[in-house]
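*Asks:* Below you'll find the structure I mean.
The values are calculated or read from the model by the stated rules, or taken from the named source; none is laboratory data. All figures in this text were calculated on a predicted structure; none of them were measured in a lab. Virtual Cβ from ideal backbone geometry, glycine too; neighbours counted across all protein chains shown. All accessible areas refer to the heavy atoms of the entire protein, side chains included, with ligands and DNA or RNA removed. Shrake-Rupley method; radii C 1.70, N 1.55, O 1.52, S 1.80 Å.
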Amino acid sequence: MPVTEFATLEVLDSSNPSLITQPLLIDHLRLVAEKQSAVSGYPVLFFESLSPDSKSIFYLISGWSSVAAHYEWIHSQTNQELLVLLKDFVGVKGLAHVNVD
């Protein structure tokens, strides 16, 4: 059964929430979206928080054929390499799987 991945991400330098608009981070997020989408078969979308109190928060939403398929991706070599690219910019604040296609 397909599931929706909902990840809450946070810019690590909360004193500089505009980091989300920096070209290097945008390039890294584009690469994440491209690689993950190629594996999952679903688009990867990013959304910024509109709340002035949480400008350093943004969200990743995508799909997976199953939770197991997502966890396989999480542990994959490709994903681990992508996480290294992001480690100085972004942290994962939360992750949920929703049973909607």
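*Asks:* Only one of (1) part of a helix (DSSP H, G or I); (2) open to solvent by 20 Å² or more (accessible area, probe 1.4 Å); (3) touching a helix residue (DSSP H, G or I) at 6+ places or on another chain (Cβ under 9 Å); (4) closer than 15 Å to Pro2 by Cβ is not met by Lys35, so which one is it?
*Replies:* (4)
*Asks:* Take the residues in segment 4-23 that are hydrophobic (A, V, I, L, M, F, W, C) and closer than 27 Å to Trp64 by Cα, then tell me which one is modelled with the lowest pLDDT.
*Replies:* Ile20
*Asks:* Right, here's the next one. Kindly indicate whether Lys93 is in contact with a Pro (Cβ under 6 Å, 6 or more places away or on another chain), farther than 20 Å from Pro2 by Cα and open to solvent by 100 Å² or more (accessible area, probe 1.4 Å).
*Replies:* So Lys93 fails the test.
*Asks:* Follow-up. With respect to Lys55, determine if the residue is open to solvent by 100 Å² or more (accessible area, probe 1.4 Å), more than 15 Å from Lys35 (Cβ to Cβ) and modelled with pLDDT of 90 or more.
*Replies:* no
*Asks:* Looking for something touching a residue at least 40 places away in the same chain (Cβ under 8 Å) and within 20 Å of Leu12 (Cα to Cα) - is there at least one such residue anywhere in segment 34-52?
*Replies:* Within segment 34-52 (the criterion being touching a residue at least 40 places away in the same chain (Cβ under 8 Å) and within 20 Å of Leu12 (Cα to Cα)), the answer is no, since none of the residues qualifies.
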